[in-house]
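The values are calculated or read from the model by the stated rules, or taken from the named source; none is laboratory data. If you're wondering where the values come from, they're calculated on a predicted model, not measured in any experiment. Here the Cβ positions follow ideal geometry from the backbone for every residue, glycine too, while neighbour counts run over all protein chains shown.
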Amino acid sequence: MRAPRPGRPPRTPYPGLRRSRPGAGSTALRMPAAGRGQAEAGPPRQGELREPRRLPPHSPAPPAAAQPAALALVILLSFASRFHRLAEPPHVCWDETHFGKMGSYYINRTFFFDVHPPLGKMLIGLAGYLSGYDGTFPFQKPGDRYEQHNYMGMRGFCAFLGSCLVPLVYLTVLELSKSLPAALLTAFILIFDTGCITLSQYILLDPILMFFVMGAVLSMVKCNSCADRPFSASWWFWMSLTGVNLAGAMGVKFVGLFVVLLVGLNTMHDLWDLLGNLSLSLVMFGKHLLARVLCLILLPLALYTAMFAVHFTVLNKSGPGDGFFSSAFQSQLIGNNLHNMSVPEHLAYGSMVTMKNLRMAGGYLHSHWHLYPEGIGARQQQVTAYLHKDLNNLWIVKKHHSDTDPSIPVEFVRHGDIIRLEHKETSRNLHSHQHEAPLTRKHFQVTAYGINGTGDSNDFWRIEVVGRKAEKLIRVLRSQVRLIHVATGCILGSSGKILPKWGWEQLEVTCTPYLKETPNSLWNFEDHINPKLPNISLDVLKPSFAEILLESHMVMIQGNTALKPKDNEVTSKPWHWPINYQGLRFSGVNETDYRVYLLGNPVSWSGRVVLRGGGQIMLGWLLHYLPFFMMGRVLYFHHYFPAMLFSSMLTGITWDTLLKFLAGFWSPSTTAKKVYGAGFLALVLLIIYSFYLFHPLSYGIVGPMASDPSSPMAGLRWMDSWEF
């Protein structure tokens, strides 16, 4: 028997009975653990902890016959509201241009880069493939008509998951509160929420993400109901399903980590309680710990890793995402110029090369005819880092003091040599001087300078190989090199900062006077053309799956932090979201356009503002909302909707509790029930009436704007920030 930990209050003598905080009621969202659930007759088995379930006042268990009928009604209304006019509009809306295109890439097996993990796009592509879509629609921009292309399979898949979201929330609230009215009220809030309907009807990642988030929460709550039977089949099923849904949430978007954190905090709390339970042996505690490690850590990680294995297996053809990844990775893509390619092994004078920066998504050393604008350093030709294959990435390696004579034998470039790089397309030399770089302070500007290869001494660079001694040859693709400017001593590098429009939003290249060795200042030679030299195969560069997985995550994280708003793009701030301050235009601008506008149901959203509070549902809302205040990337209104699910559950439970509290002042019980029923009905009718007023925003509208008295939305623009 273990002694109790010092400073910990004495445990209840009953193994599974835990003290509850005043006011916590039954709405506390807890991880599956031994020690909760309804008590059963008979002595508990070893490791089986039981606690009689307490229902809150005025919360009798819902009638068994009413529950299936209520669930059927919820499912019917949810699917009807999401699939109504699903085909409209028959053109690309908002981010369908991205995720529809990525679904096409999977069908065509074309490699691409995105800042999100692959599961959501893979499922969209699979839905398109199974429904007969051939992957040929270009998804170039919003407003492009689908014409004869079959887009309904992808929209229908997203609408299906968006429809399933409402029953998941209904079942979660029913399990937590044991109140059928609370569950129904929450379901009605979501069924008639114009914002949820809009997000569910298009080819987007949001309904897929929210499906897995709520799947994880419901599985967690259901496992809690099996706590009186630890290690039973149902207990294992729900805990395993929690892990599966966690993997799904993480595999759609990185914000799925918020629900992982929610589950993790509850798991830690449960394990802490189990550790302090004096009636539980260390062996049994070890079993509980291992069960959670298996189902909530190892299983999600295995599934998450498998998603990437499928992702890289399917996307085996060269595509627009090649340049974001290393040369070694690109050599595995069919159609890439490095695939099954043979190149000269060692760098020589007169060779035509491309240079790739070794920072994640660092890009190729690039130049073009455009000059730096007035006031940005010297008005010379721009040098940038470009993420895509391009002829303007080609440079010719030359001796610093003369051109290479084609009649003499090949001379190899060696570690420590002073070279000159001439841009093939413009015949200007890579150049630096002590003018300040465009974006990075205390770094020097890098330009292309000269005429037909003739410049000055600021065109000279000393090439050094990391970890090599003088006189050693430089190997293409495998040698990591740095270029040191002879005149100033600075090192050529890519800052990773995105240039403004004048720089075509390519990446800044600078010459840094700081000699610290970082991937930003390291390069490798990728393409290498020299007809005088023999070639070798690139198969030796094949990276392992672990290296590919690590590289892909580094690129995605960097891509996420680099997302910035475009000119005239409507973005929003996190404080806008809970108060429905600003919506998001999905389609159309003018009176003649088919307009769709993302906006929450104003009545139900305004009711949420004052009804915050209550246990770990509040924690779920905070975990899915507060992190956005710390994000530097561009944000949009739709980022709030996972948090809105927790807000809706809290709203339904709180209104139900308030109505029961108010009804308690009336007697007899028949009068109290009538008061409660009238209040419940009034809330539902108010939500439905608000939906009736604002439903054109979800299903689309053509005609006058809201400012016109003849518009169906006339008088409904309650806030100036609503743009419909």
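Across region 668-689, which residue is modelled with the highest pLDDT among those that are of a type in the set (Phe, Trp, Tyr) and more than 15 Å from Thr186 (Cβ to Cβ)? The selected residue is Tyr689. Does any residue in region 575-586 that is of a type in the set (Ser, Thr, Tyr) come within less than 6 Å, Cβ to Cβ, of a residue that is surrounded by fewer than 24 Cβ atoms within 10 Å (Cβ to Cβ) six or more places away or on a different chain, and which pairs are these? Sorted first by the residue in region 575-586, then by its partner, the pairs are Tyr581/Ser721. Being over 17 Å from the mean Cα position of the chain (by Cα), at negative phi and not in a helix (DSSP H, G or I) is a description that does not apply to Pro117. Each residue in region 134-152 was checked for being buried (at least 16 other Cβ atoms within 10 Å of the Cβ) and in contact with a Gly (Cβ under 6 Å, 6 or more places away or on another chain), and 1 of them qualify.
Matching residues to (1) on the phi < 0 side of the Ramachandran plot; (2) out of contact with any Phe, Trp or Tyr (no Cβ under 9 Å at 6 or more places or on another chain):
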{"residue": "Val465", "(1), (2)": "yes, yes"}
{"residue": "Ile474", "(1), (2)": "yes, no"}
{"residue": "Leu477", "(1), (2)": "no, no"}
{"residue": "Leu499", "(1), (2)": "yes, yes"}
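Taking the conditions exactly as written (farther than 19 Å from Phe586 by Cβ, in contact with a helix residue (DSSP H, G or I) (Cβ under 8 Å, 6 or more places away or on another chain), in the same structural domain as Ile191 (by TED's automatic domain parsing) and not in a helix (DSSP H, G or I)), does Pro142 satisfy them or not? For Pro142, the condition - farther than 19 Å from Phe586 by Cβ, in contact with a helix residue (DSSP H, G or I) (Cβ under 8 Å, 6 or more places away or on another chain), in the same structural domain as Ile191 (by TED's automatic domain parsing) and not in a helix (DSSP H, G or I) - is not met. In this structure, is Lys542 basic (Lys, Arg) and farther than 30 Å from Thr313 by Cα? Taking the combined requirement at face value, the residue does not satisfy it. Of all residues in region 329-355, exactly one satisfies the criterion of being hydrophobic (A, V, I, L, M, F, W, C), touching a His at 6+ places or on another chain (Cβ under 9 Å) and under 11 Å from Leu538 (Cα atoms), namely Val343.
A quick yes/no check of all residues on (1) of a type outside the set (D, E, K, R); (2) at pLDDT 95 or above; (3) crowded, with 24+ Cβ neighbours inside 10 Å:
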position: Met154; (1), (2), (3): yes, yes, yes
position: Cys158; (1), (2), (3): yes, yes, yes
position: Val173; (1), (2), (3): yes, no, yes
position: Asp206; (1), (2), (3): no, no, yes
position: Cys226; (1), (2), (3): yes, no, no
position: Ser232; (1), (2), (3): yes, no, no
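Of the helices (runs of 4 or more DSSP H) lying entirely inside region 544-660, those carrying at least 3 residues that are surrounded by 22 or more Cβ atoms within 10 Å (Cβ to Cβ) and either among the hydrophobic types (A, V, I, L, M, F, W, C) or modelled with pLDDT of 75 or more (or both) are 615-625.
Aromatic (Phe, Trp, Tyr) and part of a helix (DSSP H, G or I), is that true of Phe680? It is true that Phe680 is aromatic (Phe, Trp, Tyr) and part of a helix (DSSP H, G or I). Suppose the filter is of a type outside the set (Ser, Thr, Tyr), closer than 16 Å to Asn524 by Cα and within 35 Å of the chain's Cα centre (by Cα); does His366 pass it? Considered against the rule, which asks whether it is of a type outside the set (Ser, Thr, Tyr), closer than 16 Å to Asn524 by Cα and within 35 Å of the chain's Cα centre (by Cα), His366 comes out as yes. Phe258 satisfies every condition listed in (1) touching a His at 6+ places or on another chain (Cβ under 6 Å); (2) without any contact (Cβ under 8 Å) to a residue 24 or more places away in the chain; (3) among the aromatic types (Phe, Trp, Tyr) except (2). Taking Lys253 as meeting all but one of (1) surrounded by fewer than 21 Cβ atoms within 10 Å (Cβ to Cβ); (2) of a type outside the set (S, T, N, Q); (3) touching a residue at least 60 places away in the same chain (Cβ under 8 Å), write down the number of the exception. Only one criterion in (1) surrounded by fewer than 21 Cβ atoms within 10 Å (Cβ to Cβ); (2) of a type outside the set (S, T, N, Q); (3) touching a residue at least 60 places away in the same chain (Cβ under 8 Å) is unmet by Lys253, namely (1).
Residue count for region 306-333 satisfying the condition of being out of contact with any strand residue (DSSP E or B) (no Cβ under 9 Å at 6 or more places or on another chain) and touching a residue at least 40 places away in the same chain (Cβ under 8 Å): 14. Only one of the listed residues (Gly503, Gly496) is at pLDDT 90 or above, small (Gly, Ala, Ser) and surrounded by 13 or more Cβ atoms within 10 Å (Cβ to Cβ). That residue is Gly503. Would you mind stating whether Ser163 is farther than 30 Å from Thr561 by Cβ and in contact with a Lys or Arg (Cβ under 8 Å, 6 or more places away or on another chain)? Considered against the rule, which asks whether it is farther than 30 Å from Thr561 by Cβ and in contact with a Lys or Arg (Cβ under 8 Å, 6 or more places away or on another chain), Ser163 comes out as yes.
Beta carbons closer than 6 Å, at least 6 apart along the sequence or on distinct chains, never pair a first residue in region 642-666 that is under 23 Å from Leu161 (Cβ atoms) and outside the structural domain of Ser163 (by TED's automatic domain parsing) with a second that is of a type in the set (Gly, Ala, Ser) and part of a loop (DSSP other than H, G, I, E, B).
Restricting attention to region 95-114 and to residues that are assigned to a helix (DSSP H, G or I) and within 24 Å of Met554 (Cβ to Cβ), the residue that is modelled with the lowest pLDDT turns out to be His98. Taking the numbered list (1) under 18 Å from the mean Cα position of the chain (by Cα); (2) surrounded by 21 or more Cβ atoms within 10 Å (Cβ to Cβ) in turn, Ser331 passes all entries but (1). So, Val92, is that one modelled with pLDDT under 95, surrounded by fewer than 22 Cβ atoms within 10 Å (Cβ to Cβ) and assigned by TED's automatic domain parsing to the domain that holds Leu246 or not? Considered against the rule, which asks whether it is modelled with pLDDT under 95, surrounded by fewer than 22 Cβ atoms within 10 Å (Cβ to Cβ) and assigned by TED's automatic domain parsing to the domain that holds Leu246, Val92 comes out as no.
In region 690-701, the residues that are touching a residue at least 24 places away in the same chain (Cβ under 8 Å) reach residues that are of a type in the set (Ser, Thr, Tyr) and surrounded by fewer than 18 Cβ atoms within 10 Å (Cβ to Cβ) with C-beta atoms within less than 9 angstrom, at least six apart or across chains, in these pairs: Gly700/Tyr594; Ile701/Tyr594.
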